[in-house]
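The values are calculated or read from the model by the stated rules, or taken from the named source; none is laboratory data. Computed from a predicted structure; not experimentally measured. Cβ placement follows ideal geometry from the backbone for every residue including glycine, while neighbour counts extend to all protein chains displayed.
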Amino acid sequence: MKGTGILISGFHHDTGHHPENAERLRAIEAVCKEPDLASRLTRIEPRSATLEELRQVHDESYIRGVEESCKRGVTALDPDTLICPRSYDEACLSAGGVLAVVDQVVAGKIKNGFCAVRPPGHHAERNRAMGFCLFNNVAVAACYAQHLKGIRNVVIVDWDVHHGNGTQNTFYADHSVFYFSIHQEHHYPGTGHPRQEGKADGTGCTRNVPLHAGAGDDEYLAALEEVLVPAMASFSPDLVLISAGFDAHKDDPLAGMAVTDEGFGQMTDLLTNLAAAYCGGKVVSLLEGGYNLTALQQSVHAHLTALIRAR
């Protein structure tokens, strides 16, 4: 079995000087070329998600609306979410690229993978772009994985500083996907209260841990150990997906948390150990937020190092 896969996609989603811009990928690309990582990463080429794959999460009218908006030269889908003529194609490549990594992890060709993709995804709703996101990459990946041999139950761990409203809503009544989020309380988008635990067949399959501003490594690790670890024991996943936003970093300009790059490495270690215990180490991680380029580089380095050393 090969080591850790790396996929980078979305350079041509041009958002100018917006905080979510292509310089984030260039910063990550530089990290992946560092001597201690480069030879231990397996490059994965993206492919475009199909309409049918996107339709598992999004309304077809919404998907075609995004495509048409890009063709017409619309520059924003909401005040936060900018687009350019190539954004639809880039969003399809990013979503599909994650599926290519899922394929290789599930087939055992690589042990785990990190998808540095943009536009990000966890805020995207079934029929609405928001929070810099067009298509919900992690939700599309979860639905896709469940069509593959041996994947029934999926755990999504979202440690982005902002709650992943779109991901939660996609699976809120689904008993086969467990969604776990740690995020800054009273922060954008205003969702993610602890009482939001799912509904109907999905009751109990959503767990939210909002943390106070200033929370750091200890609080994040405690939330994982005290809430996620026992939940994983009862849920028994076949695949772990991570919405890996690095904007809870102490130096990030868009939030007020105090996680360090070492903390992101420790959280990754905890999740890869859980995955080793329950699903043969099958982990696919996806980039969400992270807007201080130096902090992003340091955090991604710690994250990749932990993925590489996973059992």
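Odds and ends about this structure:
- Residue match in the range 170-185 (condition: surrounded by fewer than 18 Cβ atoms within 10 Å (Cβ to Cβ) and touching a His at 6+ places or on another chain (Cβ under 9 Å)): yes
- Whichever residue in the range 218-271 is hydroxyl-bearing (Ser, Thr, Tyr) and at pLDDT 95 or above and, among such residues, is nearest to Phe180 (Cα to Cα): Ser243
- Only residues that are surrounded by fewer than 17 Cβ atoms within 10 Å (Cβ to Cβ) and closer than 16 Å to Phe135 by Cα were counted in the range 15-55, giving 5.
- Scanning the range 207-246 for residues that are small (Gly, Ala, Ser), part of a helix (DSSP H, G or I) and under 20 Å from Phe264 (Cβ atoms) yields Ala222, Ala223.
- Matching helices (runs of 4 or more DSSP H) fully within the range 19-102 where at least 3 residues are touching a residue at least 40 places away in the same chain (Cβ under 8 Å) and under 19 Å from the mean Cα position of the chain (by Cα): 23-32
- Scan of the range 284-303 for residues that are out of contact with any helix residue (DSSP H, G or I) (no Cβ under 6 Å at 6 or more places or on another chain) and part of a helix (DSSP H, G or I), ordered by number: Thr294, Ala295
- Residue count for the range 146-164, restricted to those that are of a type outside the set (Val, Ile, Thr), surrounded by fewer than 24 Cβ atoms within 10 Å (Cβ to Cβ) and either in contact with a helix residue (DSSP H, G or I) (Cβ under 9 Å, 6 or more places away or on another chain) or assigned to a helix (DSSP H, G or I) (or both): 4
- Lone unmet requirement of (1) of a type outside the set (S, T, N, Q); (2) buried (at least 17 other Cβ atoms within 10 Å of the Cβ); (3) at positive phi for Ala255: (3)
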